[in-house]
Every structure is written in C-alpha cells, then in structure tokens.
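Q: My structure is below; once you've seen it, I'll send some questions.
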Amino acid sequence: MHGDAPKPADAKTAPATGRRWGVYIAILLMIALAGAVYYAFSGSTGGDAQQRGRGRFARGNAPVPVLADIAKRADVPVYIEAVGTARALNIVTVRPQVDGKLIAINFKEGQDVKKGDVLARIDPTTYQAQLDQAVAKKAQDEAQLSNARRDLERYERLAATNSINQQQADTQKALVAQLGAQVQSDQAAIDNARAILGYTTIVAPIDGRTGIRAVDEGNIVRSSDTSGIVVITQIRPISVVFNIPQQNLDQVNSAFEKDALPVDTMRSDTDAIIDHGALTVVDNQVDQSTGTVRLKAELPNRNLQLWPGQFVNVRLLVDTLKQVIVVPTGAVQRGPKGTFVYTVKDDNTVAVRNVTVTRQDELQAVIGKGLEPGEKVVTTGFVNLTDGSKISVSSPQGAAPAAGAPQSERRNGERSGARGQRRNNAAPSSSGGGTAQ
C-alpha cells in the first residue's frame, strides 16, 4: 500500500481552470480593442476640429462674396393698392311690357347683342285689332267734324244776313270744337295702341351680352313677371369698384381734381396687368363702419379678361416722384440708429452709410439723403459683413428683363429678384444692426 504511486489530480479541475484563463484573455483583448478605438476616434475628432478652426480662420481673411447694385435716379410712381370687384357697367333685366304668348325667341344664350336688336316677339293679334279700332274711330269722328264745319260756314253766312238766329251759329261753332277735340282724343288712342303694339316686339335696350334665358318660346308672359325673359349685361367697357382708407382721401381728391388718375387691374397670383383704365367716381361719403371710401374706375375690357363679380387687385396712380435716388429694397438694412446701407469702395471694401428712406415697396427704396447716384451698394450677402470688410462682387444669377419687355414681365422679374434678396437677407438683418453701431 505504501509503495503505491500518488493519485493524479481530478480530471474535471484542469479543463475548468483552462476555460477561466481563456475568459480572462478575451476580456483583456476586448479592453485593449476598445481603448484603441477610443484613441483613434478621439484623435480624428480633434484633428477635424482643428481643421475646421483653421478653415474658419482662413475664411475670415477671405473676401466676402456679395451682390451689389448701383444707386440711380428714376421716376418712381406712387400707387395706392386695393382689392376691387368687377361690375357690369349696366345691367338690364328684359321684361315684357304686355301680356301675351311668346311666339319667337331671336337670340342665343351668351350672345353679344346691340341696342335695338330684336330679342323676342309676343303674339300681336289682339293689340293690332285695338290699333285698327282706334284708327277707325278717328276716321268716324273726322267725318262728323268735316260735316259740322260745312254747317258752321252756312250758319255764319245766314246769321250775317239775319236769316237765322246768331245762337244757332254759335251752337254749331261749339259742336265743331267738340268734334275737333274728339278727333285729337282719337289720335291719342291711336298713338297708345300703336305703342302697345310695339311692345310685342322686344328689343335690346343696351349693348351687352345675354345671360341664361328665363322663359322659353310658347309660354304666356305677363308684364308683372319679375324674372323677365333674359338679363343683358354690359361688360365692354366694365367698371371696377374698390375701397381705399380714408387717410388717402385728401391725396386722391387733390390729384383727381388736376387730371384723370390711371387705374390698373392685376391678377392676384402673378400681378400681371389685366387692363388699364381711369378713375371715374369718388364716393361722396366715408363708410363709418370700415373707415374707407368707395372708388369706381372704368376699363375698356376689350379682351373680356374682366368679368362681373370677379375679384381683382387694383392699383391707383396718385403721384410720380421725379428723378429721385433709388436702390433695391434688399440693400436697405435697419439697426439701432435707423436705416443704413453697405456702400462698396474702390478697394473692394464696404463702409456703413446711414441713409434716409422716404418711400419703400417690395422692389425699390427711395433714398432721401445719404447716397448719391452712381454709388454701389450691397444687396445680398450681409452675414459676414462688417464695416471695412473686403468683398468680392458676384454677378446676379438671373439676368434682368430686357428694357423693351412688357411691364408685367419686368414687374414679375423684379419681384422674384426682390423675394430672393429678402430670403437671403432675412437672417443677417440683426447682425447688420450691430455693425451699424
């Protein structure tokens, strides 16, 4: 027993110890790998930050790209803009003036008619008979009058020789006068019957366009019918009614007394000019509920682009500023000290210039003082600008419309450019104010 060899270790213990060492080694490898990844990520981030810092420093020294335009003299129209409603110059509901059967319709719905055109006919048989009766009655009375006049001549000759009493001659004279009045009454009855007969032919009272027919041929129509036969609307020319604030009334009245004021109607979606006309009426009172005054303009409407009941944008020209200094609206900035612009110097740097703006719209601003014609001002690119910044002036992306282009096209192009400038200038306006200090 004492000579036996020692027993080997437990067979289960050795594999368990090997697995624990494997786990330890795997954990150490994972820690090392995580450290390497963190170090690599930290190094690259720091390098990028330094690179970005160097990029910002480099851009700080580079010229700031901007767009610029030149201040110039121009005639600037002064408009009052409003929303108006197109109305027919005249509207007539064609109604029958006599009762009867409608035997003919001589127009088509939507047809342009002239004053005097025959629109419809009513059966004239009864009214023709009344006229014939009146004519016959007059002929009867005229025959009696002729006989009475011959008797009067004989009575007057006999009375002159005292062959009859003078009273008989006077009585005959009164009878002649009575029959003469009767003949005049018969003529009036004839005129009335002829007028009533004429009403059986219905004619257009004005030039215009017919609407939808309210009654069909073969129906009995009456003079008491309120719907009538058709409505005629005069749309060429046409009128536009719009309201302006009472604050503008003095300016409008003063200009209206001197000359006719031009009025333009424009589309609400594109501001394209639809038609040109002139102001015709300024209402004689102010609407106390709204504080506005109604105005009426007349337009030729040759192409029928305006229709009764249509809403349109209206602009009324009340004045024209002659040869004033103008710049694009996008060039004008606002700061604590008021309005200012960035002027471009010959050495491609900018300077802050305080200016006085007397009038401004979406496209251009009128400069009262602070600028001279020919000076160049920055219109876009204010984000990195300060007084004395170096700039590089770029050409605008969109070419300006040709000088001979229609006014609507020029206006649309200018308006699009102004909107683009406002979008670019929206963010830097506050920073520009800081620069003005």
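The values are calculated or read from the model by the stated rules, or taken from the named source; none is laboratory data. Given the structure is predicted, the values throughout are model-derived calculations rather than measurements. Please note: Cβ atoms are built from the backbone with ideal geometry, for glycine as well, and neighbour counts cover all protein chains shown. Side chains are part of the model used for accessible areas, which takes the heavy atoms of the whole protein and leaves out ligands, DNA and RNA. Shrake-Rupley method; radii C 1.70, N 1.55, O 1.52, S 1.80 Å.
Q: Could you please find all residues in segment 338-362 being buried (at least 16 other Cβ atoms within 10 Å of the Cβ) and assigned to a loop (DSSP other than H, G, I, E, B)?
A: If the condition is that a residue be buried (at least 16 other Cβ atoms within 10 Å of the Cβ) and assigned to a loop (DSSP other than H, G, I, E, B), then Val355 is the only one that fits.
Q: Please go through segment 254-272 and give me each residue that is of a type outside the set (A, V, I, L, M) and surrounded by fewer than 14 Cβ atoms within 10 Å (Cβ to Cβ), ordered by number.
A: First, pick out the residues of segment 254-272 that are of a type outside the set (A, V, I, L, M): 254, 256-259, 262, 264-265, 267-271.
Result: Ser254, Glu257, Lys258, Asp259, Arg267, Ser268, Asp269, Thr270.
Q: I'm checking my understanding of the structure. Among residues of segment 277-306 that are free of Cβ contacts under 8 Å to residues at least 24 places away in the same chain and assigned to a strand (DSSP E or B), which one is nearest to Asp112 (Cα to Cα)?
A: Among residues in segment 277-306 that are free of Cβ contacts under 8 Å to residues at least 24 places away in the same chain and assigned to a strand (DSSP E or B), the one nearest to Asp112 (Cα to Cα) is Ala278.
Q: Would you tally the residues in segment 320-342 being under 20 Å from Thr386 (Cα atoms) and in contact with a Pro (Cβ under 9 Å, 6 or more places away or on another chain)?
A: Residues meeting the conditions: 1.
Q: Somewhere in segment 90-110, is a residue surrounded by fewer than 14 Cβ atoms within 10 Å (Cβ to Cβ), of a type outside the set (S, T, N, Q) and under 21 Å from Ile238 (Cβ atoms)?
A: There is at least one residue in segment 90-110 that is surrounded by fewer than 14 Cβ atoms within 10 Å (Cβ to Cβ), of a type outside the set (S, T, N, Q) and under 21 Å from Ile238 (Cβ atoms).
Q: Residues to consider are Arg334, Arg315; find the one that is open to solvent by 40 Å² or more (accessible area, probe 1.4 Å) and touching a residue at least 60 places away in the same chain (Cβ under 8 Å).
A: So the residue among Arg334, Arg315 that is open to solvent by 40 Å² or more (accessible area, probe 1.4 Å) and touching a residue at least 60 places away in the same chain (Cβ under 8 Å) is Arg334.
Residue-wise test of (1) surrounded by 12 or more Cβ atoms within 10 Å (Cβ to Cβ); (2) outside any loop (DSSP other than H, G, I, E, B); (3) in contact with a Gly (Cβ under 7 Å, 6 or more places away or on another chain).
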site	(1), (2), (3)
Ile206	yes, no, no
Arg209	yes, yes, yes
Ile274	yes, yes, no
Pro308	yes, no, no
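Q: Listed residues Leu299, Leu295; which is closer than 23 Å to Thr270 by Cα and either modelled with pLDDT under 90 or open to solvent by less than 20 Å² (accessible area, probe 1.4 Å) (or both)?
A: Only one candidate qualifies: Leu299.
Q: Another one. So in segment 186-204, with the set limited to residues that are open to solvent by less than 40 Å² (accessible area, probe 1.4 Å) and outside any helix (DSSP H, G or I), which one is nearest to Ala139 (Cα to Cα)?
A: Among those that are open to solvent by less than 40 Å² (accessible area, probe 1.4 Å) and outside any helix (DSSP H, G or I), it is Thr200.
Q: If Ala427 passes every condition in (1) under 30 Å from Tyr79 (Cα atoms); (2) at pLDDT 50 or above but one, which one does it miss?
A: Status for Ala427: all satisfied but (2).
Q: Show the residue pairs that are 6+ apart or on different chains and have beta-carbon atoms under 7 Å apart, the first residue being within segment 377-395 and touching a residue at least 60 places away in the same chain (Cβ under 8 Å), the second being acidic (Asp, Glu).
A: Val377/Asp69; Thr379/Asp69
Q: Could you please find all residues in segment 111-143 being open to solvent by less than 40 Å² (accessible area, probe 1.4 Å) and not charged (D, E, K, R)?
A: Val113, Leu119, Ala120, Ile122, Tyr127, Leu131, Ala134
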